[in-house]
Amino acid sequence: MTDLATHLPVLQVVVPLLLAPLVVLLRPRGLAWAAATAGSVMALLIAVNLAVAVLGGTDVRYELGGWSPPYGIALRVDAFSALLLLIVTGASSAALLAARRSIDAAIETDRQPLFYASWLLALAGLAGILVSADAFNIFVFMEISSLASYILVAGGPDRRALPAVFKYLIMGTIGATFYLIGVGLVYMMTGTLNLADMELRIHEVADQRPILVAAGFITVGLALKAAVFPLHVWLPNAYTYAPHAVTVFLAACATKVSLYVLMRFDFIVFQQNLAGHEAQFAAFLMPLAVLAILVGSAVALFENNLKRLLAYSSVAQIGYILLGVSMVTVAGLSAGVLHMFNHALAKGALFLAVMCLATRFSGLDLNQLAGAARRMPWTMAALVLAGLGLIGVPGTAGFISKWYLVTAALNEGPLGFFLVAVVVAGSLMAVVYVWRIVEAAWFATPATADGPGDEPAPREAPVVMLLVTWAVALANVFFGLVTGTQRELAERAAGALLGGAP
Amino acid sequence: MSPEQLILAALGVPLAGALLIGVSGRFSANLREAATLLTSLALIACVWSLLPGIYAGDRPATQLVEVLPGIDIAFRVEPLGMMFAALASGLWLVNSIYSIGYMRGNREKNQTRFYVMFAVSLAAAMGIAFAANLFTLFLFYEMLTLATYPLVSHKGDPATVRSARVYLGILISASLGLLLPAIIWTYYAAGTGDFTPGGILEGHVAGPAVGLLLGLFVFGTAKAAVMPVHRWLPAAMVAPTPVSALLHAVAVVKAGVFTITKVIVYIFGIDFLFSEPSSGWLFYAAAFTIIAASVVALRQQNLKRLLAYSTIAQLSYVVMAAAILKPLAEVGAAMHMLAHAFGKITLFFAAGAIYTASKKTELGQLNGIGRRMPVTMAAFTIGALSMIGVPPTAGFISKWYILAGAFQADNYLALATIIASTALNAAYFLPIVYAAWFRPDTTPADRAHGEAPFAAVLALVISAALTLAFFGYSAPAYELEAQLVRGQP
């Protein structure tokens, strides 16, 4: 067993990657789902083990085939990647556990094995990004996860997903290409692809123009993939028209992984090595973060489709994460990293609840959901609980990261007060858009009262789906009260990023 | 039970009661009402058995969970919170008796939801009363807002929902937008948010920032309805009358002025605030609210709206008394919370009884109603006299202490404000009393009516008796609140 434990970093990728082609062969109904879910849960267990190992002391390193870098491929799991691995595998597992009935309804039986295989590939790709210590491997895994998620988004019955995914594909490819150009330039100047080596060598050539160009390409490319405002335009439609289960998975983690790469590259390779990069980074990203919070929330105020509303809320939430990061202080970075975790919990639970709603309602416009709470009280209660987390009401996980964010902002002096005002304004808008859902579900009466035929059966979502939704919703409260583990991971991640050690 | 367990029981009993009420409501209305009364009796037992210890100087405390280092959910009983909890739990029983009469008399829908949310609101009020720090207080403050929303929007028609949205919108946006930043600022500056006798902010905040922070606290606590965050109170008048009583007397507005008083006494410290000129504006804001709200009340034609504006003025009495920043005035603030609660709950009970018996809501319809509903209008008269501050009613006692505090501070503007508002109170309450007793009855014969259902009348007799009793028997309350300023740990 100890033998196996040393291989955990690579197993994190290998398990879903190898399971994917096997799943394609599993034709009997339900078997593909079972295999994919088992693989995802196994990945979650591996992630938990890795997190325990990281919490216990040092980062976990792994050399593929025993070849030491720079010749071989190195994998490395530190506090930051361990936390993100928990988010990714957790979101995937929760979505798969809950989603069987939803996917049955959305995708024909004979195409399901392919769908689940793509899912596992996306999972493998995201996990691969997180364990890689090598800029080029990150690109490879990024492409794997992106291509797989294009398939996932387009896999549903909604034809509107096709133009959405085309936009996603084009913008995602531009982002990845920008990243590749940047990595290529850095490789040209330093002769290495290993992030740790890059950090050591880059300051010799730090004043060279190709490095500065590389920094620009990498930052913008990854910001595109992370849907940083104003590069977010691919996100709302992709989330809205994707199958509900896919939305749960991607909304909880996809953009966060891109942000992870952005932060790792910028803080470990560029920060402290490029003169003035710190100030540039903050001056470039902080206004975007502020705009993301304000514009994203404002659009969500007027959005009428539940999934689009939540998607725009995601744009705003990415702004919160980025706001913390752009302060370039330990407190700010901790807040940002912590918000990744807490937002994944809240959004995951919200989209799970949406999935539950979608099993009984044909449309997800707010006016179509009138009276939903009477038909599905448990689903709507979970949705409200998660909504409170999204707002950041004390007692939920969302509050913890907002608290960190505000405290970090207050350290910034006069500018801090403005940032606090932005966070407060964003939270207030969150109150309003969450409240619109509540009001529609609880207090509105259906416009077409009991029309024949289109009246959905007055019953709750399938039990398993509901149980998973509630588990994640309650996790919002649990992690709002018991905060030790994720705080330690986030603070250590922030310390490592600013300390420069990989 | 040990005092620590009693604290948790005071929180747990209403929540367990809510469950019980919800389950029993499926079977029988009588069973459900029995559960409500039983729960409120159990709560009274829990809360009131804490009293002797507090008199003796004990301050039982218990911690539930530590959320972040230095930020925890913890409870600690001190005189002010003890008084609020004792008041809320006691009036809940009276209010429950009244609710039974009112809700049945008006054949309201969704009665089970009503009683369940009422119990949840009481649990939130207990949490506010016993909170040991700002974080815990905020948690339960928000819970109270959310739990009262279904009560305010009880009727469920579009106009009601619109008003209830104003209620929720103002309370939530003020608390998240102003109160929460103030709390975070406090934790950030002082490193703690624990309620500590003498305050925690001295030496950590200075100059104009003190006035700004105080402003965030006062306007963030919109439940205290200091102008201009008072609009939710008239809007909430769409609620059934027992809910109005809950809002105005039992829990909600009391939670607001309680929070402000507690913040002034235990977070800022009255000596620190008194020495800081930038905090002076609060007194003027409160004085302005008293006069302005009284003038607005003068022009109201709807009985419940008039009472709402009267509440806004009376709440600012408490805030103004607290803002005088002298020991006697702080005691006066605490006493006025009690006195106003007794008087105002009587007035609302009477207004609701009138509505139940006759569907009358406007002042012009009340001519001669004293002869049809003598018990109700006698109680109304007592409540009105208490609002004006005429002996032998509760209002006289608390005004006495506030005035004494104003003398202690040589604050003659406070004297003038109180005198002016007393005149205004008399000007809008006495005509109602006069019309009810001495004008000829104009009710058409086919709409003849007598008193409201027995349970409602019983409740308003009890609350009127309390209003009178407090005049002669306020010493225990004074003794309790005197500990507040004697700086006992």
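Tell me which residues, restricted to region B:34-87, are in a loop (DSSP other than H, G, I, E, B) and more than 14 Å from chain A (Cβ to nearest Cβ). So that I can check it myself, show each step before the final result.
Kept after step one, since they are in a loop (DSSP other than H, G, I, E, B), are these residues of region B:34-87: B:49-50, B:56-60, B:69-70, B:77-78.
Once the filter is applied, which keeps residues that are in a loop (DSSP other than H, G, I, E, B) and more than 14 Å from chain A (Cβ to nearest Cβ), region B:34-87 yields B:Ser49, B:Leu50, B:Ala56, B:Gly57, B:Asp58, B:Arg59, B:Pro60, B:Val77, B:Glu78.
Determine the pairs where a residue that is more than 16 Å from A:Val354 (Cβ to Cβ) and in contact (Cβ under 8 Å) with a residue 40 or more places away in the chain, located within region A:231-247, has a partner that is among the β-branched types (Val, Ile, Thr) and part of a helix (DSSP H, G or I) with Cβ atoms under 6 Å apart, the partner being 6 or more residues away or on another chain.
Note: pairs meeting the criteria are A:His232/A:Val315.
Here's a check for you: in region A:407-446, which residue that is assigned to a helix (DSSP H, G or I) and hydroxyl-bearing (Ser, Thr, Tyr) is farthest from the other protein chains (Cβ to nearest Cβ)? Steps first, answer last, please.
Kept after step one, since they are assigned to a helix (DSSP H, G or I), are these residues of region A:407-446: A:407-410, A:414-443.
Okay, now just the ones that are also hydroxyl-bearing (Ser, Thr, Tyr), so A:407, A:427, A:433.
On the way: A:Thr407: 6, A:Ser427: 6, A:Tyr433: 13 Å.
Looking at the filtered set, the residue picked out is A:Tyr433.
Just one of the numbered conditions (1) at positive phi; (2) in contact (Cβ under 8 Å) with a residue 24 or more places away in the chain is not true of A:Met42; which one?
Among (1) at positive phi; (2) in contact (Cβ under 8 Å) with a residue 24 or more places away in the chain, the lone unmet condition for A:Met42 is (1).
Among (1) farther than 30 Å from B:Phe268 by Cα; (2) within 14 Å of another protein chain (Cβ to nearest Cβ); (3) among the small types (Gly, Ala, Ser), where does B:Ala124 come up short?
Status for B:Ala124: all satisfied but (1).
Looking at (1) in contact with an Asp or Glu (Cβ under 9 Å, 6 or more places away or on another chain); (2) surrounded by 21 or more Cβ atoms within 10 Å (Cβ to Cβ), which is the only condition B:Met117 fails?
(1)
Identify, from the list A:Leu200, A:Leu169, A:Leu195, the residue that is free of Cβ contacts under 8 Å to residues at least 40 places away in the same chain, crowded, with 17+ Cβ neighbours inside 10 Å and of a type in the set (A, V, I, L, M).
On the way: A:Leu200 fails: crowded, with 17+ Cβ neighbours inside 10 Å; A:Leu195 fails: free of Cβ contacts under 8 Å to residues at least 40 places away in the same chain.
None of the others qualify; the one that does is A:Leu169.
For region B:127-154, how many residues meet the condition of being surrounded by 23 or more Cβ atoms within 10 Å (Cβ to Cβ) and more than 28 Å from B:Lys109 (Cβ to Cβ)?
Here the count works out to 14.
Would you check which residues across region A:1-54 are closer than 18 Å to A:Ala95 by Cα and part of a loop (DSSP other than H, G, I, E, B) and list them?
A:Gly30
Being free of Cβ contacts under 8 Å to residues at least 60 places away in the same chain, in contact with a Ser or Thr (Cβ under 8 Å, 6 or more places away or on another chain) and part of a helix (DSSP H, G or I) narrows it down to one residue among B:Leu385, B:Leu424, B:Leu468, B:Leu460; which is it? Steps first, answer last, please.
Numbers: B:Leu424 fails: free of Cβ contacts under 8 Å to residues at least 60 places away in the same chain; B:Leu468 fails: free of Cβ contacts under 8 Å to residues at least 60 places away in the same chain; B:Leu460 fails: free of Cβ contacts under 8 Å to residues at least 60 places away in the same chain.
On inspection, the qualifying residue turns out to be B:Leu385.
Six or more apart or on different chains, Cβ atoms under 6 Å: show the pairs whose first residue is in region B:442-455 and over 10 Å from B:Ala353 (Cα atoms) and whose second is buried (at least 16 other Cβ atoms within 10 Å of the Cβ) and among the polar types (S, T, N, Q).
Here the result reads B:Thr442/B:Asn367; B:His449/B:Ser358, each pair linking region B:442-455 to a residue that is buried (at least 16 other Cβ atoms within 10 Å of the Cβ) and among the polar types (S, T, N, Q).
Of all the residues that make up region A:55-75, how many are closer than 27 Å to A:Ala95 by Cβ and either part of a loop (DSSP other than H, G, I, E, B) or touching a Ser or Thr at 6+ places or on another chain (Cβ under 8 Å) (or both)?
To start, the set of residues in region A:55-75 that are closer than 27 Å to A:Ala95 by Cβ comprises A:55, A:60, A:75.
Subset that is either part of a loop (DSSP other than H, G, I, E, B) or touching a Ser or Thr at 6+ places or on another chain (Cβ under 8 Å) (or both): A:55, A:75.
Residues in region A:55-75 being closer than 27 Å to A:Ala95 by Cβ and either part of a loop (DSSP other than H, G, I, E, B) or touching a Ser or Thr at 6+ places or on another chain (Cβ under 8 Å) (or both): 2 in total.
Every residue, every condition in (1) in a helix (DSSP H, G or I); (2) modelled with pLDDT of 90 or more; (3) crowded, with 24+ Cβ neighbours inside 10 Å, yes or no:
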residue	(1), (2), (3)
A:Leu212	yes, no, no
A:Val220	yes, yes, no
A:Ala223	yes, yes, yes
A:Pro230	no, no, no
A:Val246	yes, yes, yes
A:Ala252	yes, no, yes
A:Ser258	yes, yes, yes
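Any idea which residue in region B:155-181 is surrounded by the fewest Cβ atoms within 10 Å (Cβ to Cβ), counting only those that are in contact with a helix residue (DSSP H, G or I) (Cβ under 6 Å, 6 or more places away or on another chain) and more than 11 Å from every other protein chain (Cβ to nearest Cβ)?
B:Val166
Just give me the residues in region B:185-204 being within 14 Å of chain A (Cβ to nearest Cβ), among the β-branched types (Val, Ile, Thr) and surrounded by fewer than 23 Cβ atoms within 10 Å (Cβ to Cβ), in sequence order.
B:Thr192
For the condition under 16 Å from B:Leu338 (Cα atoms), crowded, with 17+ Cβ neighbours inside 10 Å, aliphatic (A, V, I, L, M) and at pLDDT below 90, what is the one hit in B:Leu466, B:Leu484?
Details: B:Leu466 fails: at pLDDT below 90.
Sole residue among the options that is under 16 Å from B:Leu338 (Cα atoms), crowded, with 17+ Cβ neighbours inside 10 Å, aliphatic (A, V, I, L, M) and at pLDDT below 90: B:Leu484.
Let me spell it out: the conditions are (1) in contact (Cβ under 8 Å) with a residue 40 or more places away in the chain; (2) surrounded by fewer than 15 Cβ atoms within 10 Å (Cβ to Cβ), and B:Ala406 meets all of them except one. Which number is the exception?
(2)
What tally of residues in region A:380-406 results from selecting those that are within 9 Å of chain B (Cβ to nearest Cβ) and out of contact with any strand residue (DSSP E or B) (no Cβ under 9 Å at 6 or more places or on another chain)? Can you show your working first?
Narrowing region A:380-406 to residues within 9 Å of chain B (Cβ to nearest Cβ): A:388, A:391-395, A:399-400, A:402-404, A:406.
Now drop any that are not out of contact with any strand residue (DSSP E or B) (no Cβ under 9 Å at 6 or more places or on another chain), which leaves A:388, A:391-393, A:402, A:406.
Summing the residues that are within 9 Å of chain B (Cβ to nearest Cβ) and out of contact with any strand residue (DSSP E or B) (no Cβ under 9 Å at 6 or more places or on another chain) in region A:380-406 gives 6.
Given (1) under 27 Å from the mean Cα position of the chain (by Cα); (2) more than 14 Å from chain A (Cβ to nearest Cβ), identify the lone condition not met by B:Leu212.
Unmet condition: (2).
Checking A:Glu108 against (1) of a type in the set (D, E, K, R); (2) touching a Phe, Trp or Tyr at 6+ places or on another chain (Cβ under 9 Å); (3) without any contact (Cβ under 8 Å) to a residue 12 or more places away in the chain, only one condition comes out false. Which one?
Every listed condition holds for A:Glu108 apart from (2).
The values are calculated or read from the model by the stated rules, or taken from the named source; none is laboratory data. Source: prediction; values computed, not measured. Glycine gets a Cβ as well: all are built from the backbone with ideal geometry, and neighbour counts include every protein chain shown.
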